Amino acid sequence: MEYTALGHNEKLRVSKIGTGLWQASNAWNAVEEDVIEAVGTAKEKGINFLDTAEAYGKGNSERVLGKALKEYGRENFFVATKVAGAHLRYDELQRAASASIKRLGVDYIDLYQIHWPDPWEQIPMSQTFRAMKKLHEEGKIRAVGVSNFAVRDMEEARGILGDLPIVSNQVRYNLLQRNIEEEVVPFCKKNNISIIAWSPLAQGVLTGKYSPENIPNGDVREGNELFAPKNLEKAKEILSMLKSLGEKYSKTPAQIALNWLASKKDVIPIPGAKNSKQAMENADSVSFKLTGREISEMESLSSATIFDYLPA
Ligand SMILES: NC(=O)c1ccc[n+]([C@@H]2O[C@H](COP(=O)([O-])OP(=O)(O)OC[C@H]3O[C@@H](n4cnc5c(N)ncnc54)[C@H](OP(=O)(O)O)[C@@H]3O)[C@@H](O)[C@H]2O)c1
């Protein structure tokens, strides 16, 4: 496994690919024991970066991750969680951090992220980031991250934090949804902010296992526009390229899609795994290198088919 320094901070060494734990939240119909086992497999493969959030199943994902940390050793992992956009007042944020620490069964959080900016823009950002500073001073969090932040939000937050850097911005990023490349990526690059890529498999579309006749139902993806027939139709060409590259490298389409993201400096995909098999496959997606030419061919095909903005 390759490792990288989050936010260019050598003290924050994380695997080049992580594991997302939204799958431990009831929203995905995953089995708790299977997700815990997936964390064990990730560890065996050298993955240390695990991502969860207080919002996932109202704390359930953090509780399940807490069990996994107990089983596989907290010291082997870099634990990232998030405070929900509804807890951004100074006192609320402190309470939310303590509650997450308790559910996770840890002494500190490695990366604490603001899940999304205040959607109503009523809470001054100074309250939120003063609270983050305090948590950092107290040693409850090792690093500050944000998620779904636009450039203007990052600029404002950086102004409040002063010397304390924002080390990462967690945003939606996959071969079909590349909207962040326009503004967010260049700003992050310039300011040493790593990109943590959520939905790196477009929630399963990039595995190639879904079609208009076979879409996920009964879970959080029900009604998601990603699986609308017109979008699955649009994705076909990319999927066929992923398949043929997969044949060349003896990899699956999902592994090629993840490799494309991980090939970018300072981008860390965090595919969600429901079981050990998926965790293994996702970890093995970074064990080879696509050529520059293959990457640019994938990118030109993908920018021709790029999905319009779709709600998460
Ligand atoms: N910050 C945010 O706002 C935000 C938003 C969304 C997600 N996230 C984070 O990002 C993580 C990943 O995003 P995501 O869960 O939305 O989407 P994703 O990683 O693109 O897709 C995950 C789903 O794809 C399928 N899958 C995963 N690996 C596979 C494999 N190797 N082969 C076949 N199928 C596979 C599984 O579902 P099936 O097997 O049922 O198809 C899995 O639940 C989350 O767990 C969470 O930590 C953050």
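Key figures
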read-out	value
GluC sites (Glu not before Pro) lying in DSSP loop within the range 1-107, provided at most 16 other Cβ fall within 10 Å	Glu2, Glu10
For the chain, built as a Gaussian network whose Cα springs stay under 10 Å, the top-fluctuating residue of Ile141, Ile256, Ile123	Ile123
In Å, descending, principal axis extents of the Cα set of the chain	51, 40, 37
GluC sites (Glu not before Pro) restricted to DSSP loop in the range 116-152 with at most 12 other C-beta within 10 Å	Glu121, Glu138
Footprinting exposure proxy for Leu69, Leu226 (fewest neighbouring C-beta atoms within 10 Å first)	Leu69, Leu226
Label point distance in nm, Ser240-Thr291, each placed 7 Å from Cα along Cα→Cβ	2.1
Sparsely packed chymotrypsin sites (Phe, Trp or Tyr not before Pro) within the range 147-204, loop by DSSP, other Cβ within 10 Å at most 13	none
Debye intensity ratio in log₁₀ form over the Cα atoms of the range 175-275, taken at each q of 0.12, 0.14, 0.16, 0.19 Å⁻¹	-0.44, -0.59, -0.76, -1.00
Overall Cα dimensions of the range 1-112, principal axis frame, Å, largest first	39, 35, 21
Rounded, prolate or oblate (a/c below 1.5 giving rounded, otherwise prolate when a/b exceeds b/c) for the range 242-312 by Cα gyration tensor	oblate
Computed E for Lys265/Ile160 - FRET, C-beta separation, R0 25 angstrom, nearest 0.05	0.35
Column: log10 I(q)/I(0), Debye, Cα scatterers of the range 92-167, q = 0.20, 0.21, 0.22 Å⁻¹	-0.84, -0.93, -1.01
Reference-scaled alpha-carbon Rg (2.2 N^0.38 Å with N residues) for the range 204-259	1.16
For a label point 7 Å along the Cα-to-beta-carbon line of Asn191, residues of the range 150-167 with backbone N under 11 Å	150-162, 165-167
Filter on Lys190/Lys248; Lys102/Lys189; Lys82/Lys236; Lys102/Lys133; Lys11/Lys134; Lys190/Lys289 - keep pairs with C-alpha separation over 30 Å	Lys190/Lys248; Lys102/Lys189; Lys82/Lys236
All-pairs alpha carbon distance profile, the range 116-226, 5 Å steps from 0, percent	2, 10, 19, 18, 16, 12, 10, 8, 4, 2, 0
13 Å tail of the calculated P(r), the range 3-69, as % of Cα pairs	62
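Just so you know, all these numbers are worked out from the coordinates, no wet-lab data involved. Just so it is clear, the model here is predicted, and its values are computed rather than measured. Glycine also receives a Cβ, built like all others from the backbone with ideal geometry; neighbour counts cover every protein chain displayed.
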